[in-house]
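Nothing in this text is a laboratory measurement; each read-out follows from the coordinates by a stated rule. All values reported here derive from a predicted model rather than from experimental measurement. For neighbour counting, all protein chains shown are included, and Cβ atoms are generated from backbone atoms with ideal geometry for every residue, glycine included.
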Amino acid sequence: MAGPLSDTEATQASTLFANTCAGCHGEKLEGGVGPSLVCVSSQYSTGKIAQIAQYGKGRKKPNPMPSGLATTEEAMLLARWLTTNQTLADSPCGRPAKETPLAPISTKKYG
């Protein structure tokens, strides 16, 4: 597993999340049509998060996450970003919030 995200990677991941994921999972990971991603790393490994980001999940549910939303590289970047940005105070997974705040979501197009 790669180390911490560089500033460039964090910006890319934040932009990718804003353009691809936030519509369903919320700008602050709080959930909406899709489930909350707060503390998702306590439920899934980075590799599993990347797999879900690339291939989707819940095909038998009313609002499944479709596959093809991210390339392999984008999925891993998102997974790394999600596992290092679980910073919302009083997190329901029982871990204290990290001091580094969630990277702001950019409205710029990724790519």
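Numbers for the structure displayed
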| item | result |
| --- | --- |
| Lys48 paired with Thr20, simple spin-label distance in nm, labels 7 Å along Cα-to-beta-carbon | 2.0 nm |
| For region 9-79: rounded, prolate or oblate by the Cα gyration tensor [a/c cutoff 1.5] | rounded |
